[in-house]
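Structure, as structure tokens:
No lab work stands behind these numbers, since they all come straight from the coordinates. Remember, it's a predicted structure, so these values are computed and weren't measured experimentally. Reconstructed Cβ throughout: ideal geometry from the backbone, glycine too, with neighbour counts over all protein chains shown.
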């Protein structure tokens, strides 16, 4: 049992790097900041903000006070970011939280953390890939192109759409997704249903990652610039439609229609929008000067995303 809690010292970790040659240190602080921004700004800000503002049957909405929800979440994430920055500077080795747990708490805890990270990134990756596939399918429809439903969805979504139709839903999206159950070819008695666009985009990014860190970083920089450009375009156009009276409209409950309960509930929802800044620490072994660049990259990426999120919420409300 004692072996389950054997810790690997920083010196041992550094020896492992020496034995296997280590990874190429080619990322500066701005590469790391872009990596953090790219990993953080994603489906969360586009998919959860509306629910956080308006609320739903299970949660009160924050209303225009969503601004405070973003600040509250940023402060909470800031403490975690400081911890990651400290660890990344002390243990500049690939592995992120897995390595930190191995060096401080032992092999068994590190094993648990390693699987936690795999599940976290796998589930996040699945959600984003499916969301991307839906947008891609919608884009094709504007050009008069349509993928067979059994090649553009998954079995669970098809069954859920079929149940929605039975319950009275009449929209085209549910009809399209549900049609996968009736149009799919069968293999050994089972319908062959697969989300091909989601698979292909994950495969393409995987190939890019395998090619090399420099190519991956440059591609990420380009995607981050595009992503931020889209957000800035939204802010620039939306700024002309801002009505300050909406932020304190008594008909909608004022600035904070549900008080702190709505603000805190929204903070819990939008926390998903901040997942990603911790990914910077996984590149510690590829940073040119990890002691200085890692803390800068982690904290700066959190600052940039928070400013953009607050600006978006001001325009949206």
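The table that follows gives values for the structure above.
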| quantity | calculated |
| --- | --- |
| Length released on extending from residue 175 to residue 268, taking residue separation times 0.36 nm less the Cα-Cα span | 30.2 nm |
| Surface/4 of the Cα convex hull for the stretch 55-101, nm² | 4.9 |
| Highest average packing first - 50-59, 307-316, 190-199, Cβ atoms within 10 Å | 307-316, 190-199, 50-59 |
| Rg and Dmax of the chain, Cα atoms only, in Å | 22.6, 67 |
| Equivalent ellipsoid semi-axes - Cα gyration tensor, the stretch 31-153, angstrom | 33, 23, 14 |
| Spin-label pair residue 48/residue 201, simplified geometry with 7 Å Cα→Cβ offset, distance in nm | 1.8 |
| Ratio of the Cα radius of gyration of the stretch 133-205 to 2.2 N^0.38 Å, where N counts its residues | 1.12 |
| Potential extension, residue 243-residue 187 segment - 0.36 nm per residue separation minus Cα distance | 14.5 nm |
| Pairs of alpha carbons in the stretch 159-317 whose separation is greater than 26 Å (percent) | 59 |
| Stokes-Einstein translational diffusion, the stretch 191-285 - Kirkwood Rh over all Cα pairs, 1.306 mPa s, 10 °C, in µm²/s | 88 |
| Diffusion coefficient, µm² s⁻¹, Stokes-Einstein with Kirkwood Rh over alpha-carbon pairs of the stretch 234-281 at 37 °C and 0.692 mPa s | 244 |
| Helix-only [θ]222 nm of the chain, DSSP H runs n ≥ 4, -39500 (n - 2.57) each, per residue, nearest 500 | -21000 deg cm²/dmol |
| By average C-beta atoms within 10 angstrom, highest first, the peptides 146-158, 219-231 | 146-158, 219-231 |
| Per-residue Cβ neighbour rank within 10 angstrom, fewest leading, 31, 159 | 159, 31 |
| Cα convex hull volume per residue for the stretch 82-226 (Å³) | 205 |
| Likely footprinting exposure, 83, 77, fewest C-beta neighbours within 10 Å first | 83, 77 |
| Projected label distance in nm at residue 111 and residue 210, using a 7 Å step from Cα toward the beta-carbon | 2.9 |
